[in-house]
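The values are calculated or read from the model by the stated rules, or taken from the named source; none is laboratory data. In this text the structure is predicted, and so the values were computed from the model without any measurement. Every residue, glycine as well, gets a Cβ built from its backbone with ideal geometry; the counts of neighbours run over all protein chains shown. Heads up: the accessible areas ignore ligands, DNA and RNA and are worked out on the full protein's heavy atoms, side chains in. Shrake-Rupley method; radii C 1.70, N 1.55, O 1.52, S 1.80 Å.
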Amino acid sequence: MSFFKKLKDSISGKTESVTKSFRDGLEKTRKGFVEKVADLITRRKKIDEEFYEELEEILIGADVGVNTVLKLIDELRAEVRKQRIEDAAELQPILSSKLMELLRGDDDNRLRENPDGITVILFVGVNGVGKTTTIGKLAHRYKQEGKKVLLAAGDTFRAGAIEQLEVWGQRAGVEVIKQQAGSDPAAVMFDAVQAAKQRNVDVLICDTAGRLQNKTNLMEELNKIFRVIQREIPSAPHEVLMVLDATTGQNALTQAKLFGEKSGVTGLVLTKLDGTAKGGIVIAIRQEMNLPVKLVGLGEKMEDLQTFDSEQFVHALFSGLITEETEEA
């Protein structure tokens with residue numbers, strides 16, 4: 001059975017609304033990347049040096065990342081030699097299969113939960129990446145699952161951050177624990193944990209400052225928050241999610257490297273994938289960071305925050321080709 005046929009069969013067991021969310025959300029990347037690959041294969045029937053060079057340019061243009069692209073091209077060359085492939089069209093399913101391997105990793109993408117009480121999820125990330133929006137959408141998702149959710153407005157330094165979180169709290173029908181702007185974020189977290197205990201909350205989602213005067217201050221602030229939470233709930237936080245804006249491409253990768261490994265991050269959230277043709281950044285981040293991509297933002301609606309799924313991602317990218325192949329079959 002061909003790779004595309006297997007992928008289509010695998011996706012058929014998954015929720016149609018989720019498949020649609022991935023397909024719609026990755027439309028710009030599909031046009032900017034896969035359609036260019038398809039065009040290259042149509043124009044250049046022969047696999048030669050110029051073919052590889054052009055494919056390399058397309059992949060780098062989609063922000064797959066130079067190191068990852070060089071490794072991928074080497075692997076494709078090896079497959080071409082091994083299978084004695086001459087027709088460029090035969091490379092398409094091999095490329096798709098390799099991309100899925102790069103995305104998959106060994107990690108479980110599901111959010112970790114506390115089996116013995118309150119699950120605490122901490123959000124970190126610079127201002128403007130969609131952190132508050134993601135928190136609101138995740139609160140909505142947990143609420144839909146029948147869980148009792150509480151939000152903590154720990155970004156007390158950015159003007160309007162508390163109010164923005166309150167708006168999302170109202171939309172999701174979830175309470176927000178807050179203090180005045182400029183308050184100590186750790187004090188907000190202490191209040192939030194106490195409130196979560198009193199109200200028998202299932203999930204506490206905490207916002208944190210996106211920027212202080214310098215990185216050292218930010219790390220100190222995060223460490224203080226960790227200490228306060230852990231004093232009350234020793235196993236917490238159960239997830240520390242770093243939010244990155246996919247539209248910033250390689251800059252998102254730089255941010256992830258800067259903060260990721262020093263601030264106890266357990267997983268990444270990539271927002272605004274629907275707004276970029278450079279969705280290949282997911283592959284670059286997955287390869288260069290030893291961290292799983294846990295959630296992706298695929299649109300404006302509450303339901304457009306999805307658990308990352310490598311099969312759905314590749315299926316959404318290559319959906320046009322998959323339809324063609326399965327119709328021919």
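Counting only C-alpha contacts under 8 Å and six or more residues apart, can you give the relative contact order of the chain as a whole percent?
Result for the chain is 28 percent.
To the nearest 20 Debye, how big is the dipole of the chain about its Cα centre, given +1 on the beta carbon of each Lys and Arg and -1 on that of each Asp and Glu? List each step's numbers first, then the result.
Values: 46 positive and 52 negative charges, 158 e Å.
In debye, rounded to 20, the chain gives about 760.
Rounded to the nearest 500, what is the 222 nm mean residue ellipticity of the chain from helices alone, with -39500 (n - 2.57) per DSSP H run of 4+ residues and division by all residues?
After summing the helix terms and dividing by the residues of the chain, the value is -16000 deg cm²/dmol.
Ignoring ligands, DNA and RNA, how do 24, 274 rank by accessible area with a 1.4 Å probe, largest first?
24, 274
Where does each of 131, 14, 257 land when they are ordered by accessible area, with a 1.4 Å probe and the largest first?
Highest to lowest solvent-accessible surface, that is 257, 14, 131.
Working out 0.36 nm times the residue gap between residue 112 and residue 171, then minus their Cα-Cα distance, what length gain in nm do you get to one decimal?
Full extension from residue 112 to residue 171 adds 18.8 nm.
Which residue, 45, 20, 197, has the most motion in a Gaussian network model of the chain that connects Cα atoms within less than 10 Å?
45
Gain in length, residue 194 to residue 81, computed as 0.36 nm per residue apart minus the alpha-carbon separation, to one decimal in nm? Write out the running numbers ahead of the final one.
Numbers: separation 113, 0.36 × 113 = 40.68 nm, distance 6.29 nm.
Residue separation times 0.36 nm, minus the Cα-Cα distance, leaves 34.4 nm.
Considering only protein heavy atoms, what per residue accessible area in square angstrom results for the chain with a 1.4 angstrom probe? Mind showing how you got there, number by number?
Values: 14830 Å² over 329 residues.
About 45 Å² of surface per residue is accessible.
Return the distance in nm (one decimal) between the two label points of a simple spin-label model at residue 301 and residue 49, each offset 7 Å from Cα along Cα→Cβ.
A separation of 5.0 nm, rounded to one decimal place.
For the chain, which whole percent of the accessible surface, found with a 1.4 angstrom probe, sits on carbon and sulfur atoms?
Solvent-exposed carbon and sulfur of the chain make up 47 percent of the total.
Report the per residue volume, in Å³, of the convex hull enclosing the C-alpha atoms of the chain.
Convex hull of Cα atoms, per residue: 132 Å³.
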